[in-house]
1. Kindly provide the Kirkwood hydrodynamic radius of region 78-154 in Å, to one decimal, from all pairs of distinct alpha carbon atoms.
2. Can you compute the equivalent ellipsoid semi-axes for region 98-199, i.e. the square root of 5 times each eigenvalue of the Cα gyration tensor, sorted largest first and rounded to whole Å?
3. Using a simple charge model, +1 on the beta-carbon of Lys and Arg, -1 on the beta-carbon of Asp and Glu, nothing else, what dipole does the chain show about its Cα centre, in debye to the nearest 20?
4. Can you pull the three principal axis extents for the Cα set of region 1-105, in Å, largest first?
5. Could you give the dipole magnitude of region 178-230 about its Cα centre, charging the beta-carbon of Lys and Arg +1 and that of Asp and Glu -1, in debye to the nearest 20?
6. Counting other beta carbons within 10 Å of each residue's own, what order do L115, L104 fall into, fewest first?
7. Taking the chain as the region of interest, what is the percent of Cα-Cα pairs per 5 angstrom bin, listed from the shortest bin to the one with the maximum distance?
8. Return the loop-located trypsin sites (Lys or Arg not before Pro) in region 4-72 (DSSP other than H, G, I, E, B) with at most 16 other Cβ atoms within 10 Å of their own Cβ; answer none if there are none.
Amino acid sequence: MFSSLHTSKQIGTLMCQATRTILWQPAQAWVRERNSRAGLILRVGSGQATYHRYDPRTRQHLINYGARMIAAKRRPETAHGWLSSREIRERGYFGGKVSELNLLAHTCCHEFAHLLQYSAGQRRYGSVHNRHFYEVLDQLHASGAAEATRHYLDERATEAELTLSRAAFETISQPLQVERWQAGDQVCFGTGHQQKQGKVLRVNRKTCTVEVAHQPRNLLYRVPFSLLSPLG
């Protein structure tokens, strides 16, 4: 496990480099037209959490790639449940082919699309993976930015003697098992305007208890494993 996470952190560093070089540098001027002091911090976390956040005090965007997320997306049995895997298949990104290399390159694009979405003022509470987000994500793929990100990761991994497989994962039809989820995981469930996002509080025999932010009190849902997807 230590070796796997160590390798995943190395790959995460390459993902940070790809995000800054391929995605951020061409978009930086556009972002700063809307926020003159905006900057970008990229880091690799030790857990599964993968996200974009913006700090209005420092005007810094942060993209965090979780090492455990990277490890999970490198294995077909744990890769298929992620939202980014579904996006590749259902929206035809990279020809609809889910592979280790495609999935990690697309993860960079997914998180960077959130940065662009936020900069355009189109990310609001309860409306994250909305129509504008997917317009941005589609454009990153259509413009060649996603392919350039994929190529950059492929080349840098080869130079670092790291393997990022191009082989498509076989489709896995088995339902997600209890071992797939842990308390603290950030997840989503539902579709469209009904999609909800929250944190796993407890893993049960066939469901997870998920806490969803709500005013005045947070809401709890018991969600079957098959309806859950990791965020990112």
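A short reminder: the numbers here are calculations on the coordinates, not readings from a lab. What you see is a predicted model, and the numbers here were worked out from it, not measured in a lab. For neighbour counting, all protein chains shown are included, and Cβ atoms are generated from backbone atoms with ideal geometry for every residue, glycine included.
1. Working: mean 1/r = 0.0796 Å⁻¹.
With all distinct Cα pairs of region 78-154 included, I get 12.6 Å.
2. Values: eigenvalues 134, 97, 30 Å².
They are 26, 22, 12 Å, listed largest first.
3. Values: 31 positive and 18 negative charges, 179 e Å.
Magnitude of the dipole: close to 860 debye.
4. Extents along the principal axes: 43, 34, 20 Å.
5. Working: 8 positive and 3 negative charges, 35 e Å.
Charge dipole of region 178-230: 160 debye, to the nearest 20.
6. Details: L115 24, L104 27.
The fewest-first ordering by Cβ neighbours comes to L115, L104.
7. 1, 6, 14, 18, 20, 18, 12, 7, 2, 0, 0
8. Numbers: sites: K9, R20, R32, R34, R37, R43, R53, R57, R59, R68; in loops: R37, R57, R59.
Listed in order of number, the matching sites are R37, R57, R59.
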